[in-house]
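The values are calculated or read from the model by the stated rules, or taken from the named source; none is laboratory data. Note that the structure is a prediction, hence the values are computed from the model and not measured. When we count neighbours, we look across all protein chains shown, and the Cβ atoms used for this are built from the backbone with ideal geometry, even at glycine.
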Number of protein chains: 2
Amino acid sequence: MNAERIEVRAGSPGEAGSAVWIGRGLLESAASLLFSPSGRFLLISAPAARAAADVLRGALAGRLILDLTIDDREEAKTLDGVARIADAALAAGLRRDDALVAVGGGVTTDVAGFAAAVLLRGVAWNAVPSTTAAMADAAVGGKTGVNHPLGKNLLGAFHPARAILVDPAALATLPERDYRSGLVEGFKAAWIADAPLAERAERALSLLLAREEEALLDLVAGAVRVKAGIVSSDPKEEGRRRLLNFGHTLGHAFEAAGGYRDLRHGEAVAWGIAAALEISRDRAGLSNEEAARVREVLARLGPFPQPRRDPALLAPYLARDKKATASGRAGILLEAIGRARVEEAIPEEAWLAAAARGQI
Amino acid sequence: MNAERIEVRAGSPGEAGSAVWIGRGLLESAASLLFSPSGRFLLISAPAARAAADVLRGALAGRLILDLTIDDREEAKTLDGVARIADAALAAGLRRDDALVAVGGGVTTDVAGFAAAVLLRGVAWNAVPSTTAAMADAAVGGKTGVNHPLGKNLLGAFHPARAILVDPAALATLPERDYRSGLVEGFKAAWIADAPLAERAERALSLLLAREEEALLDLVAGAVRVKAGIVSSDPKEEGRRRLLNFGHTLGHAFEAAGGYRDLRHGEAVAWGIAAALEISRDRAGLSNEEAARVREVLARLGPFPQPRRDPALLAPYLARDKKATASGRAGILLEAIGRARVEEAIPEEAWLAAAARGQI
């Protein structure tokens, strides 16, 4: 085991943060890396993460008081999904000093993490992401939650996983479409805050697409370092953390407009980024050359299915964006590769025009 | 308006705490005392708190974006109840800078506070308790939550109300049985930590029972001060905060064994205290005289319906107590009036024997 450890102070001040372990062969060492005050664990896993879950079953043998497989489709990311985990955990005799382990993609870590947040008013949990999207983004940073008919992630809690194991072995059976679309979140982190990482990952793009582990670990570790730095300075998203939403305002609208079926999250974010590039050129001085570099990466990660761009369809989802406050809807703009900023009030017309224009 | 203000640091370190306002005529001043970053409020009220809610409607005229009356029976204190508030709040266009106002007893403040904790990953809320139990206990301290078929308050969050208005006018229509049983929580606070308060309230018991406001405000303010001191030193109940559970371990079991219908919460706690007095005499040196003084107060607040004391019925609820950890089930014992301590591992037999013996 040759692992990097990155600390994320994702909780409230004084609260425990997350330790993100990144490296090969971590799954086998789960017993020493995962956190549980009692030493007991409740395994919550996605069907597609079966291989990783099997390794954990071996590593945690004799310490599991629950082994639950959940429906991890976006449609199942609901309060009912949380209730089902809670029912099983309480029936298994969950105590305050036990801990959950979520093995899967972003839906699994979001739902299981939210269940951990509300069970007995909060028990510890751990994440073992089995998708590129969850490794680079979803499992890190303390946001948990579920969807509501009126919008994505409208119910949830800030409740960081205590330990997060990023082991490329967990990706073994990940379908190609998920592997590629998840890399969008890794690049997103580089584009908003780490120009050298963006350059390295661009140069390594062929290796990344070939699932070369060295290149993948470099991008994922870089993305986690970016997120750790930003989240640690603003855990509750009152300011700087909003930078991580680059591409997500329209991305969430595209995703919702496709009924959460037509587009993967990363694909919707890719289209959201393409649109944000348009606004960034208009309002933040992003150069045509750099916008083209970003689009080129997105094109090579794709091709992605086209989103529905109808303004009448997108507008209601935009209006319900969680980041909306009395002062308007903030947007994240790229000034240059490696440097983003928050613009506080971007008019709806500008969003909708960019949604129509953004190309990959 | 002549009000006392008590600060409770009930959140995580660095998080905003609660301001508890105690006095007559506060409801009319709600617009200046309740907290909302946007200035907009969502009113969540219990049917029985209609008079208080009416005053608030007037005080907050033009600033309410939702006016929702909820079912506040203990049976409705469920995750579904939270979902119903969430549905209405999101449909009303809730934003992150809006705030909820919960008007009612403990069920209302527990459920609405929990909804505030998970809506958009946490919005601010305020409490206007309309029962003696909620004034002296439930609305203060940051615990929110709902029941689960396997036990009481098994799902929830620590999410303190930003402002809590304790105005005796809100009690105007409170039924006698609720008024009296709620005082048990006020006396509980005095018994565990404030001997002079306990003495004053004992002497004023006839006035308290006659709803004399001066006596009531003295007991409630004293109880809030006790709770503020304890909670501020241990918001997440890792140590000292457990003292507030005096009478609650068996109290919750009695309440559950009665199907949450036979006994009011305060009545169940009264029986739980009567049982805890037995264990306290056996293990904590509580004198017979002081035990008798406590019982005398409980008798005058009653008479309360008898609980079901069958050990076979109570044992499963005891086993699921949230305070149980790998090291056993902790209990709160009274050493003397005004002084309690946590005993870490009290055997189940001792609990069940005391449940059978405790008399009021």
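Total residues in the range A:20-56 satisfying the condition of being within 22 Å of A:V111 (Cβ to Cβ) and among the small types (G, A, S): the figure is 9.
Just one of the listed residues (B:R242, B:R264) is surrounded by 20 or more Cβ atoms within 10 Å (Cβ to Cβ) and within 14 Å of chain A (Cβ to nearest Cβ), and it is B:R242. If you go through the range A:175-197 and pick out every residue that is among the charged types (D, E, K, R), surrounded by fewer than 24 Cβ atoms within 10 Å (Cβ to Cβ) and touching a Leu at 6+ places or on another chain (Cβ under 8 Å), you end up with 1.
Just to verify a result, which residue in the range A:91-104, among those that are of a type outside the set (K, R) and buried (at least 19 other Cβ atoms within 10 Å of the Cβ), is farthest from the other protein chains (Cβ to nearest Cβ)? Lay out the reasoning, then the answer.
Residues of the range A:91-104 that are of a type outside the set (K, R), as a first pass: A:91-94, A:97-104.
Filter once more, so that each one left must be buried (at least 19 other Cβ atoms within 10 Å of the Cβ): A:94, A:98-104.
On the way: A:L94: 9, A:D98: 9, A:A99: 12, A:L100: 14, A:V101: 18, A:A102: 18, A:V103: 23, A:G104: 21 Å.
If we take residues in the range A:91-104 being of a type outside the set (K, R) and buried (at least 19 other Cβ atoms within 10 Å of the Cβ), then A:V103 is farthest from the other protein chains (Cβ to nearest Cβ).
Among the residues of the range B:109-161 satisfying the criterion of being away from chain A (no Cβ under 11 Å) and part of a loop (DSSP other than H, G, I, E, B), which is farthest from B:A30 (Cα to Cα)? Selected residue: B:G141. Would you tally the residues in the range A:166-200 being under 24 Å from A:A117 (Cβ atoms) and more than 14 Å from the chain's Cα centre (by Cα)? Summing the residues that are under 24 Å from A:A117 (Cβ atoms) and more than 14 Å from the chain's Cα centre (by Cα) in the range A:166-200 gives 1. Which residues, taken from the range B:27-69, are in a strand (DSSP E or B) and either free of Cβ contacts under 8 Å to residues at least 40 places away in the same chain or under 22 Å from B:T173 (Cβ atoms) (or both)? B:L43, B:I44, B:S45, B:L64, B:I65, B:L66, B:D67, B:L68, B:T69 - these are the residues of the range B:27-69 that are in a strand (DSSP E or B) and either free of Cβ contacts under 8 Å to residues at least 40 places away in the same chain or under 22 Å from B:T173 (Cβ atoms) (or both). Residues of the range B:69-87 that are within 14 Å of another protein chain (Cβ to nearest Cβ), over 13 Å from B:D110 (Cβ atoms) and either aliphatic (A, V, I, L, M) or in contact with a Ser or Thr (Cβ under 8 Å, 6 or more places away or on another chain) (or both): B:A83, B:A86.
Pairs under 6 Å by beta carbon, first residue part of a helix (DSSP H, G or I) in the range A:86-99, partner small (G, A, S), six or more apart or different chains? Listed by first residue and then by second, the contacts come to A:A86/A:A115. If you take the residues in the range B:253-270 that are at pLDDT 90 or above and among the aliphatic types (A, V, I, L, M), which one is farthest from B:L313 (Cα to Cα)? Filtering first and then ranking leaves B:A270. Considered as a group, the residues in the range A:7-24 that are modelled with pLDDT under 95, among the aliphatic types (A, V, I, L, M) and under 17 Å from the mean Cα position of the chain (by Cα) include one that is farthest from A:M135 (Cα to Cα), and that residue is A:A10. Tell me, yes or no, whether the range A:215-230 has at least one residue that is in the same structural domain as A:L301 (by TED's automatic domain parsing), over 18 Å from the mean Cα position of the chain (by Cα) and over 23 Å from A:W271 (Cβ atoms). Looking for residues that are in the same structural domain as A:L301 (by TED's automatic domain parsing), over 18 Å from the mean Cα position of the chain (by Cα) and over 23 Å from A:W271 (Cβ atoms), one finds at least one in the range A:215-230, hence yes. Kindly evaluate B:A274 against the criterion of being crowded, with 16+ Cβ neighbours inside 10 Å, in contact (Cβ under 8 Å) with a residue 12 or more places away in the chain, assigned by TED's automatic domain parsing to the domain that holds B:K227 and touching a Leu at 6+ places or on another chain (Cβ under 6 Å). The answer is no for B:A274. Pairs are defined by a Cβ separation below 6 Å, a sequence spacing of at least 6 or placement on different chains, a first member in the range A:133-147 that is within 13 Å of A:A170 (Cβ to Cβ), and a second member that is assigned to a helix (DSSP H, G or I) and aromatic (F, W, Y); no pair meets this definition. Looking at this structure, is B:A299 small (G, A, S), within 22 Å of B:R203 (Cβ to Cβ) and over 18 Å from the mean Cα position of the chain (by Cα)? Here the answer is yes, as B:A299 does meet what is asked. For the range B:117-168, what are the residues that are polar (S, T, N, Q) and within 20 Å of A:I85 (Cα to Cα)? Those that are polar (S, T, N, Q) and within 20 Å of A:I85 (Cα to Cα): B:T144, B:N147, B:N153.
Residue by residue, here is whether (1) within 29 Å of A:A19 (Cβ to Cβ); (2) assigned to a helix (DSSP H, G or I); (3) hydrophobic (A, V, I, L, M, F, W, C) holds:
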site	(1), (2), (3)
A:S232	yes, yes, no
A:L244	yes, yes, yes
A:G259	no, no, no
A:L263	no, no, yes
A:I273	no, yes, yes
A:S280	no, yes, no
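The residues on offer are A:R293, A:R300, A:R308, and the sole one that is surrounded by fewer than 18 Cβ atoms within 10 Å (Cβ to Cβ) and not in a helix (DSSP H, G or I) is A:R308. Within the range A:1-26, the only residue that satisfies the criterion of being assigned to a strand (DSSP E or B) and among the hydroxyl-bearing types (S, T, Y) is A:S18. The residue that is farthest from the chain's Cα centre (by Cα), among those in the range B:244-285 that are under 19 Å from B:D110 (Cα atoms) and among the β-branched types (V, I, T), is B:T249.
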